[in-house]
Amino acid sequence: MAHFENYDYLKTSNACVKCGKCLPDCTIFGINGDEATSPRGFIDILGAYQRGEIPLDRDTKNILETCFLCTTCVSVCPNSLPTDTLIENIRYEIAQKYGIAWFKRIFFYFLKHRKIMDFGFKLGAIFAPLFYQKTKDGNSIKPHFTLPFVQRRVFGAIAKQSFLNSHPEEINFSKSDDVSKKGISQPTKVAIFIGCLGNYNYKNVGESLLVILEKLGISAKIAKGQKCCGAPAYFTGDFASVDALIRYNVEYFESFIDTIDAILIPEATCGAMVLEDWKHFMEKDLELKQRIEKLLPKIYMATKYLESKTNLVEYLNALQKNRGDKKQTLTYHDPCHAKKVLGIYKEPRKLLEQNYQLIEMEDSSSCCGFGGVTIQTERFELASKVGSKKAKMIQKTQANFVAAECSACRMQLSNALHQEQANIVFLHPLELIAKVIQKDN
């Protein structure tokens with residue numbers, strides 16, 4: 001990974017005027033108030049590191065691993081300084097110097113080998129009932145008793161069979177019911193890039209997308225050859241795994257891109273990784289970057305495609321008018337990678353508002369606190385503090401549901417809500433929309 005060495009941290013450090021606009025909304029600064037763990041603190045430290053004034057010792061490592069990579073600082077910075085890129089690159093240097101923990105290396109190996117990951121999750125589904133039971137909504141699992149390391153944390157339920165292995169590769173919905181006659185250009189076919197959590201833990205996200213596509217008369221390609229987008233490894237500094245996953249997925253996408261109209265991604269983290277970070281990561285590999293850019297016009301976050309490229313809004317609106325029943329209430333959490341990175345926040349709301357009463361929480365854009373593999377394992381006390389703040393915001397709305405187009409947010413907030421004993425069900429926007437369609441059927 002020689003092209004990531006000798007990164008110029010000074011360019012950003014010298015450009016930062018220390019105005020402090022990043023501080024009020026910074027996720028980590030908001031829970032500990034330490035200037036060192038703030039965007040301008042990170043930038044200053046990295047500038048001093050490049051000037052040789054401080055070493056990349058374990059104290060520096062620990063500070064730089066507290067960043068949640070929520071990108072809030074980038075979105076509010078007057079100069080749009082790429083603090084997230086600096087953190088991602090220094091984590092590569094940290095990984096080179098200190099190595100990557102054994103359990104992370106095993107996890108990233110699984111991400112690169114789909115069959116082994118399938119087998120691992122099948123074993124998980126068999127043995128999980130010994131230690132966990134399903135929550136009331138059936139979407140998560142909670143421990144029977146306090147467990148080593150994970151304590152009493154709630155996780156996504158483990159499917160006995162993954163989404164990708166539950167369907168044939170080609171599903172023809174083109175001769176569906178009357179919805180397809182209301183202005184949708186036919187024939188239409190989309191591929192689904194489901195994401196790891198949607199594939200193994202929150203399988204109903206993909207199933208719900210199929211319900212919607214069937215109603216719209218849009219055929220589906222279950223892209224069974226897909227592998228992880230690379231985000232978990234990227235945020236941890238395992239750039240060799242990221243490089244391998246991007247190259248594999250790009251070649252796989254190219255094998256079918258001319259046979260479909262779009263690739264839909266129902267996950268914000270995966271969507272941001274594919275739509276933004278792939279090309280940035282390959283900045284110095286011009287040939288591969290061009291191949292990625294050629295694919296991008298056909299790749300969409302699922303709600304963006306459904307809101308802008310189909311008549312789903314009109315269909316859902318007509319359903320509500322015909323029923324006239326009282327809408328259930330909903331609050332929406334904006335995943336960092338959806339709103340701040342991709343600018344997607346209006347689209348899911350427009351779809352959901354047709355059949356649900358939206359109650360906005362105090363700060364829908366604040367980070368949920370997931371933060372990536374390192375935060376979720378070695379620094380979970382930080383994730384827990386951020387999650388608790390967000391769960392209390394959600395609880396104040398007294399909504400029936402909370403939604404977000406991100407399974408990482410879902411796992412983090414489902415645990416936070418459970419710990420706060422909040423009786424609010426977390427569902428993906430696609431699940432809420434499918435519920436409406438299935439009720440109509």
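At a glance:
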quantity: GNM flexibility winner over the chain from 52, 30, 387 (Cα, springs under 10 Å); calculated: 52
quantity: At R0 = 45 Å, FRET efficiency that the Cβ-Cβ distance of residue 438 and residue 287 yields, to 0.05; calculated: 0.45
quantity: Local net charge near residue 38, Cβ-Cβ under 14 Å (Lys/Arg +1, Asp/Glu -1); calculated: -2
quantity: Volume in Å³ per residue [convex hull over Cα atoms, computed for region 230-360]; calculated: 112 Å³
quantity: Solvent-free Debye scattering, log10 I(q)/I(0), computed from the Cα coordinates of the chain at q = 0.10, 0.11, 0.14 Å⁻¹; calculated: -0.72, -0.87, -1.43
quantity: Cα lying deepest toward the dipole's positive end in region 266-370, options 333, 315, 270, charges on Cβ; calculated: 315
quantity: Sum of side-chain charges, residue 432 neighbourhood, beta-carbon under 12 Å (Lys, Arg +1; Asp, Glu -1); calculated: +1
quantity: Extension gain from residue 240 to residue 252, taking 0.36 nm per residue of separation minus the Cα-Cα distance; calculated: 2.5 nm
quantity: Residue with peak Gaussian network fluctuation, the chain [Cα springs, cutoff 10 Å], from 25, 261, 57; calculated: 57
quantity: Max mean-square fluctuation residue, GNM over the chain, Cα-Cα springs under 10 Å, options 195, 372, 324; calculated: 324
quantity: Taking all pairs of distinct alpha-carbon atoms in region 284-375, Kirkwood radius in angstrom; calculated: 15.8 Å
quantity: Calculated diffusion of region 389-441, Stokes-Einstein form, Kirkwood radius summed over Cα pairs, 10 °C and 1.306 mPa s, µm²/s; calculated: 137 µm²/s
quantity: Within the chain, helix-based [θ] at 222 nm, where runs of 4 or more DSSP H residues each add -39,500 (n - 2.57), nearest 500; calculated: -14500 deg cm²/dmol
quantity: Fully extended contour minus Cα-Cα distance, from residue 35 to residue 261, at 0.36 nm per residue; calculated: 76.6 nm
quantity: DSSP bridge orientation in the chain - percent antiparallel, rounded to nearest 5; calculated: 30 percent
quantity: Computed P(r) (all Cα pairs; region 72-141; 10 Å bins; percent); calculated: 16, 24, 25, 27, 9, 0
quantity: Sequence of 276, 353, 362 when ordered by accessible area, the most exposed leading, probe 1.4 angstrom; calculated: 362, 353, 276
quantity: With at most 15 neighbouring Cβ atoms within 10 Å, loop chymotrypsin sites (Phe, Trp or Tyr not before Pro) (DSSP) excluded, longest segment of the chain; calculated: 150-441
quantity: Size of electric dipole in the chain: Cβ of Lys, Arg +1 and of Asp, Glu -1, about Cα centre, debye, nearest 20; calculated: 1080 debye
quantity: Lys/Arg +1, Asp/Glu -1 at C-beta; region 1-58 dipole; positive extreme among 23, 33, 56; calculated: 23
quantity: Cβ-placed point charges (K, R +1; D, E -1), dipole of region 221-328 about Cα centre in debye, nearest 20; calculated: 540 debye
quantity: For region 352-382 versus region 52-68, the gap between their alpha-carbon centres in whole angstrom; calculated: 26 Å
quantity: Helix axis angle, 429-440 relative to the chain longest principal axis, alpha carbon, degrees; calculated: 10 degrees
quantity: Magnitude of the charge dipole, region 299-441, Cβ model with Lys/Arg +1 and Asp/Glu -1, debye to 20; calculated: 160 debye
quantity: Radius of gyration and Dmax over the Cα atoms of region 56-207, both given in Å; calculated: 21.2, 64
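The values are calculated or read from the model by the stated rules, or taken from the named source; none is laboratory data. Given the structure is predicted, the values throughout are model-derived calculations rather than measurements. All Cβ positions, glycine included, derive from the backbone under ideal geometry; neighbour counts span all protein chains shown. Only protein heavy atoms, including side chains, enter the accessible area calculation; ligands, DNA and RNA are left aside. Shrake-Rupley method; radii C 1.70, N 1.55, O 1.52, S 1.80 Å.
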